[in-house]
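A.B. asks: Please find one structure pasted underneath; my questions will follow.
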């Protein structure tokens, strides 16, 4: 059976992203998974599966769990796309003045700080859970003075009162998602190439790599460092180039020769 794995429970923004991909790949059955690492592990061990993962948010930046796990697997990135993230605050109660507790994922709470500061005093109780969906679902067993920051879609499914819509600090908040698999699925013209590399821990090592990109007039649309987990002070660098692999292969070959570690993560279209 072909499966499309995404971070659950049902009602997360990841499910909305998975449903978008499912329109392109309707033969895949949607399956929720408890963690990002587990999504990657399942796809890595099942060639008949694909997975949808958040990788970058407009406000919070990189999704660390995705980067820290994807490069150490055999999966490839097959595509990427952006999803609008519009948080709302929901409750069994019908008024904000009743609320004494707010539950949500840490990133959602961080993205709605201005709303929280404006509408609640310093005594408001904040509780972190594993996902915005879990926050909404948990209200079933909570008193009416509890609220959750979650998606409007989930609030409607659960029959909760929506006390505020699009409450994020940035109204055009977006998260970039990637589609991963061990298969080679052609989804369109390759417009972006992702790599990860590790340089020597010495002055100018990263600059030497960046100068190769510059000398060939290549635009890095994304560059992020993460600890290598091998030696303290050494980092892996994740980079995206706004061209398909066939257009940058020779340049990437030059870069690979100068790296301690180099890996092509995928070349893919925007979905």
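Here is a yes/no grid of residues against (1) over 15 Å from the mean Cα position of the chain (by Cα); (2) under 18 Å from residue 77 (Cα atoms):
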residue	(1), (2)
4	yes, yes
8	no, no
12	no, no
21	no, yes
25	yes, yes
33	no, no
36	no, yes
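A.B. asks: Next question. Within the range 2-14, how many residues turn out to be touching a strand residue (DSSP E or B) at 6+ places or on another chain (Cβ under 6 Å), outside any strand (DSSP E or B) and within 14 Å of residue 28 (Cα to Cα)?
C.D. replies: 0
A.B. asks: Moving on to the next point. Looking at the range 42-60 only, could you name the residues that are touching a residue at least 24 places away in the same chain (Cβ under 8 Å) and out of contact with any helix residue (DSSP H, G or I) (no Cβ under 8 Å at 6 or more places or on another chain)? Give the derivation first.
C.D. replies: To start, the set of residues in the range 42-60 that are touching a residue at least 24 places away in the same chain (Cβ under 8 Å) comprises 42-44, 46-60.
Answer for the range 42-60, where residues must be touching a residue at least 24 places away in the same chain (Cβ under 8 Å) and out of contact with any helix residue (DSSP H, G or I) (no Cβ under 8 Å at 6 or more places or on another chain): 42, 43, 44, 46, 47, 48, 56, 58.
A.B. asks: Return the residues of the range 230-271 that are touching a helix residue (DSSP H, G or I) at 6+ places or on another chain (Cβ under 8 Å) and outside any strand (DSSP E or B); say none if nothing qualifies.
C.D. replies: 245, 251, 252, 254, 255, 258, 259, 271
A.B. asks: Take the residues in the range 17-36 that are buried (at least 17 other Cβ atoms within 10 Å of the Cβ) and touching a helix residue (DSSP H, G or I) at 6+ places or on another chain (Cβ under 7 Å), then tell me which one is nearest to residue 177 (Cα to Cα).
C.D. replies: 36
A.B. asks: Limited to the range 64-86, what total is found for residues that are more than 17 Å from residue 20 (Cβ to Cβ), in contact (Cβ under 8 Å) with a residue 40 or more places away in the chain and either buried (at least 17 other Cβ atoms within 10 Å of the Cβ) or over 12 Å from the mean Cα position of the chain (by Cα) (or both)?
C.D. replies: Count: 8.
A.B. asks: May I ask you to list pairs of residues, at least six apart or on different chains, whose Cβ atoms are under 6 Å apart, with the first in the range 231-252 being assigned by TED's automatic domain parsing to the domain that holds residue 202 and modelled with pLDDT of 95 or more and the second being crowded, with 16+ Cβ neighbours inside 10 Å and assigned to a helix (DSSP H, G or I)?
C.D. replies: Pairs that qualify, where the first residue is assigned by TED's automatic domain parsing to the domain that holds residue 202 and modelled with pLDDT of 95 or more and the partner is crowded, with 16+ Cβ neighbours inside 10 Å and assigned to a helix (DSSP H, G or I), are 238/67; 241/248.
A.B. asks: State yes or no: is residue 56 at pLDDT below 95 and part of a strand (DSSP E or B)?
C.D. replies: Yes.
A.B. asks: Which of the residues belonging to the range 180-190 are closer than 28 Å to residue 235 by Cα and in contact with a strand residue (DSSP E or B) (Cβ under 6 Å, 6 or more places away or on another chain)? Quick ask: steps written out before the conclusion?
C.D. replies: So the first thing to find is which residues in the range 180-190 are closer than 28 Å to residue 235 by Cα, and the list is 180-182, 190.
Passing the criteria: 180, 181, 190.
A.B. asks: State whether one or more residues within the range 8-28 are at pLDDT below 95 and closer than 23 Å to residue 229 by Cα.
C.D. replies: no
A.B. asks: Quick one: in the range 209-229, of everything that is in a loop (DSSP other than H, G, I, E, B) and within 26 Å of the chain's Cα centre (by Cα), which residue is farthest from residue 77 (Cα to Cα)?
C.D. replies: This residue is 229.
A.B. asks: In this structure, does residue 195 turn out to be within 24 Å of the chain's Cα centre (by Cα) and at pLDDT 95 or above?
C.D. replies: Taking the combined requirement at face value, the residue satisfies it.
A.B. asks: Only residues that are touching a residue at least 24 places away in the same chain (Cβ under 8 Å) and in a loop (DSSP other than H, G, I, E, B): list them for the range 158-170, please.
C.D. replies: Scanning the range 158-170 gives 160, 165, 166, 167, 168, 169, 170.
The values are calculated or read from the model by the stated rules, or taken from the named source; none is laboratory data. It should be emphasised that the depicted structure is a prediction, and the values quoted were computed from it without experimental measurement. Methodologically, a virtual Cβ is constructed for each residue, glycine included, from the backbone with ideal geometry; neighbour enumeration extends over all protein chains shown.
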